[in-house]
Every structure is written in structure tokens, then in C-alpha cells.
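The values are calculated or read from the model by the stated rules, or taken from the named source; none is laboratory data. Note that this is a predicted model, so its numbers are computed, not measured. Backbone-built Cβ (ideal geometry, glycine too); neighbour counts: all protein chains shown. Calculation scope for accessible area: heavy atoms of the full protein, side chains included, ligands and nucleic acids excluded. Shrake-Rupley method; radii C 1.70, N 1.55, O 1.52, S 1.80 Å.
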Amino acid sequence: MNNNELNELKKRYVANGAASPDGHFADRAENAELWDADGKRFIDFAGGIGVLNIGHRHPKVVEAVKAQLDKVMHTCQTVMPYEGYVKVAEKLSHITPVRGHAKVMLANSGAEALENAVKVARAATGRSGVICFTGGYHGRTFMTMAMNGKVAPYRTDFGPMPGQVYRAPYPVESIGVSEEEALRGLKMTFKTDANPKDTAAIVIEPVLGEGGFHAASPGFMKALREICDEHGILLIVDEVQSGFGRTGRMFAIEHTGVEPDIMTMAKSMGDGMPISAVVGTDSVMDASGGNSLGGTYTGSPLSCAAVLAVLEVFEEENILEKSRALGEKLGERFQRWERSFDCVRHSRHLGAMAAFDLVRSDGEPDTELAGKLCRTARERGLILLSCGLYGNTIRFLMPVTISDEVLGEGMDLIESMLREMSAQS
């Protein structure tokens, strides 16, 4: 079927809230390139929103999933477990920098991982309060919607959210929130809303994802660790978007030297196969009763095979080194654009987790320009995403494995569009 025919089916049968506004339908993909149902080629700078750090259809992952398909597709691991689940748990236990010996539960999505992380924290502490941060994003289930630090479009139509979820400011210098102010805000949250004695966990993204790709400094994360230790609160680090090599380390928290009690991860851990994990200190993870964690499809055999293949690719192809090198290339290009275009400001990157902001002549966020840039890019064959509290951040999540040729082609296209739009303003 072609794009027009598929769009007619979408309009007729897909719920508006779930339907993509894009009129192109993916037909095939390879590394950092996609082709739609009409044969049009796209350069992919979105990576399925950070899911494809090692590229579309990495051969080793495809081979591993096909091999597993010939053995076992599903048993429900609580009915009869299988080798892949325990092997993935072993691997994640060894590479995840939580305190002490780590234990693992697998789930299906980032939101599901966060839901279970909160369940575990409540069981381990006997407390129920959760503190999150402005600009944070944790998912679209009810608990994670309550935890998100941005209202639209995630919470606007869905009525009351779960209680005992509180907010503190995330330090973002470019919008006027210093680390000192953020810590002062957290302490005020303790005074006005969340009694530390009733707080089970503080949940934070070490690099905001949907909130604009702002990284928390080592100093801020160490201060949070100290505050948690002082009050017996668990520190949960959400690495759903920043994990699996995006920042030049396996996990972004490794840049800070801080060891959380619990970490969540998903997205690029399966290179497109649906899987997530909650990894935490053994005493914490074992706090809830038997059969209290899990689900019918959690840690499916096919997805576990993909994770094990992904981890092999990281070792064999020096993915972390490639991420750091890609980040340097992006950073250099961003700085050139800041010098050339008045609308480009606040460029930043941690490894290949990179972004810049688009602003008006008065320095205020230019949400309209960001939307126009992304729409025009799509028309010209480049998949580009915006994010941030004001929707004016352009974020880069292309596969780390992207070739220099394809990377250059995409970056040149963005530069030409910035030049055109600057001339029109």
C-alpha cells in the first residue's frame, strides 16, 4: 500500500490521540536511513526517540532475534523462566552502577519500569511520597503522568492524577535556575509539601529528555545523594532516554560518580525490541513479596535475545567511543551555527545527547521556528525532533553508528534551512 492509502486507513481506524500527524509510513530501514511506502528516502536524526543508538536493524540484533524465534517466543517467565531473562539480569547487574550488588526485574516500556521502580521504593521504605523535577518526563501511565514535569500534552485530558507526587526545580542555567536555587527549591518542597519522613524516593533524569537535554552536574547529583542518605530516601535515576551509550558512557549517571539505589532503563537497550528494566540494590529490589513484580510479556524471549546482542555490539564496535566522537562533531557544528545565526543559542551535548535552542531576536524561546524547522526538514527528507519546556529545543538522537556521509548530508540540510529562515526573518 502507498502513503495515501495508508493515511485513509489511519483516519478511519486509528484513535486521534494515538495517530501520528506525519503522512509518511515507514516501509524499510537501515542504520540511519528510512524509506517510506512511496519509496522516499529519509535521514533519521530521531532514532525512534532514542531507541536506535546502534541503528535500524543492526545485523547482529536481527540475527539473534531470528534465532530465538526458532526456539521459544513466549512462556511468561513467571510460568516457566528461560535462559535469556536471567542472562540479561546478570549482564545488567554487572554494568549498572547502583549501590552494592544489583538485582533486576524486566518490563516492557520505560513507563512500566518507572511504575515498578516506585512500587519497589515504597515497599523498601514503607513510605509513599515521590519527588520529581520540573521538565522531567517519565511516561504516559497514570503514575508516570503525575510524575512528569510538563502538563501538555501528557495530562491535559485525563482528569485527576495520583497523589503524593511532588515537584522540585531542575537546575537549568539558561532559563535562570541555578543549582543553588534548585536545591533551595527541593528543601522548600520538603517544608511545604513532602515531609522527608514520608518520602520514599527522589526520581530524576540525569539528563532531561523531553525537558530539553539539560544535564545535571556532578555537584548537583552528589548533593541529591547526600540529601537522600540524610533522610533515608531512595534515589531513583531514570536512564530511559540517556542510557545505553547516548552520552558517551553506558549510563549518563556515570559522568557524576554517584551511585543511585535504583535505575530504570529502556529504549536503546533492545535496539527496537520492546523491553525495559529496573535495576537496584539487592536489599531494595527484594523488599516486595513473591510474584509482586512482573507481567505477562515482561522480559520476552525475543527482546532478551536482542539485549544480549546489543551488549555484544557495544563491546565489538566501540559504541561508547563512537558516541563521544559523534558528540564532538555535533558540538563543533552547533558552535558554528551559534556564530552564524542569531536564532541558535545554548548549544550543548553530553556525548551524542546533543541539542540547541531556537530563540527570537529578544532571546525568548521561538517555538514557532522550531516547529517550522522540523516540518520543513521532514518535507526535505530529514527526520528531526523538537523538545523542551517551550518546545524550542532541537534535539539530536541519530544512531551513534551513522556514517560520516549521511551525518554530513543531514547537518548540511539543517544549515541550509537555518540560513533560509534567518534570511526570511
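Just add up the charged neighbours of A355: K/R +1, D/E -1, any other residue whose Cβ is under 9 Å from the Cβ of A355. Numbers along the way, then the final one.
Details: positive: R348, R395; negative: D357.
Residues near A355 contribute +1 overall.
Output the Kirkwood hydrodynamic radius of segment 1-96, Cα pairs only, in Å rounded to one decimal.
Values: mean 1/r = 0.0599 Å⁻¹.
Computed over segment 1-96, the radius equals 16.7 Å.
Using Cα pairs closer than 8 Å and at least 6 residues apart in sequence, work out the relative contact order for the chain, in percent.
Values: 859 pairs, mean separation 93.3, N = 425.
Taking the mean separation of contacting Cα pairs over the length of the chain, I get 22 percent.
Relative contact order (percent) for segment 10-86, with alpha-carbon contacts under 8 angstrom and 6 or more residues of separation? Write down the numbers at each step before the final one.
Values: 52 pairs, mean separation 13.5, N = 77.
Computed value for segment 10-86: 18 percent relative contact order.
Summing -39500 (n - 2.57) over the DSSP H runs of n ≥ 4 in the chain and dividing by its residue number, what mean residue ellipticity at 222 nm do you reach, to the nearest 500 deg cm²/dmol?
Values: 13 runs with 165 residues, N = 425.
For the chain, the value works out to -12000 deg cm²/dmol.
Let a ≥ b ≥ c be the square roots of the eigenvalues of the Cα gyration tensor of segment 248-341; is it rounded (a/c under 1.5), or, if not, prolate (a/b larger than b/c) or oblate?
Values: a/c = 2.63, a/b = 1.86, b/c = 1.42.
Prolate, because a/c is 1.5 or more and a/b exceeds b/c.
Among the DSSP beta bridges whose two residues both lie in the chain, what percent are antiparallel, rounded to the nearest 5?
Working: 33 of 49 bridges.
DSSP beta bridges in the chain are roughly 65 percent antiparallel.
Just tell me which lysines come within less than 20 Å, Cα to Cα, of K372; anything on the same chain fewer than 8 places away is out.
Within reach: none.
Just by accessible area at a 1.4 angstrom probe, what is the order of D362, D157 from largest to smallest? Write out the running numbers ahead of the final one.
Values: D362 95, D157 125 Å².
Listed by decreasing accessible area, they come as D157, D362.
If the limit is 19 Å between Cα atoms, which of K91/K267; K119/K150; K87/K119 go over it?
Values: K91/K267 17 Å; K119/K150 22 Å; K87/K119 24 Å.
The answer is K119/K150; K87/K119.
For D22 and N2, calculate 0.36 nm times their separation in residues minus their Cα-Cα distance, and state this gained length in nm to one decimal. Numbers along the way, then the final one.
Working: separation 20, 0.36 × 20 = 7.20 nm, distance 1.38 nm.
So the extension gain works out to 5.8 nm.
Explain nothing, just the number: relative contact order of segment 317-425, from Cα pairs under 8 Å at least 6 residues apart, as a whole percent. Kindly include the intermediate steps, with their values, before the conclusion.
On the way: 144 pairs, mean separation 25.7, N = 109.
Relative contact order, segment 317-425: 24 percent.
Hull surface divided by four, with the convex hull built on the Cα atoms of segment 117-160: how many nm²?
3.3 nm²
Eigenvalues of the Cα gyration tensor times 5, then square-rooted: what semi-axes does that give for segment 71-211, in whole angstrom, largest first? Please report the intermediate quantities before stating the final value.
Working: eigenvalues 191, 63, 51 Å².
Taking √(5λ) for each eigenvalue gives 31, 18, 16 Å, largest first.
Just the number, please: Stokes-Einstein D of segment 310-425 in µm²/s, Kirkwood Rh from C-alpha pairs, 10 °C, 1.306 mPa s.
Values: Rh = 14.7 Å.
Roughly 108 µm²/s, to the nearest whole number.
From the protein chains alone at 1.4 Å, what is the descending order of accessible area for S340, S425, S178, S323, largest first? Can you show the working numbers first?
Values: S340 75, S425 125, S178 30, S323 0 Å².
Correct descending sequence by accessible area is S425, S340, S178, S323.
Could you give the length gained by full extension between A15 and E30, i.e. 0.36 nm per residue of separation minus their alpha carbon distance, to one decimal place?
Working: separation 15, 0.36 × 15 = 5.40 nm, distance 2.91 nm.
Once the chain is fully extended between A15 and E30, it gains 2.5 nm.
Largest first and to the nearest Å, give the Cα extent of segment 91-145 along each principal axis.
31, 26, 19
Where does the chain land on the Kirkwood hydrodynamic radius, alpha-carbon pairs, in angstrom?
22.3 Å
Sorted by mean Cβ packing within 10 Å, highest first, what order do the peptides 99-107, 215-223 take? Kindly include the intermediate steps, with their values, before the conclusion.
Numbers: 99-107: 20.1, 215-223: 18.1.
Ranked from most to least packed, the peptides come out as 99-107, 215-223.
Might you work out the accessible area of S283 for me, using a 1.4 Å probe with all protein chains in place, and round it to the nearest 10 Å²?
80 Å²
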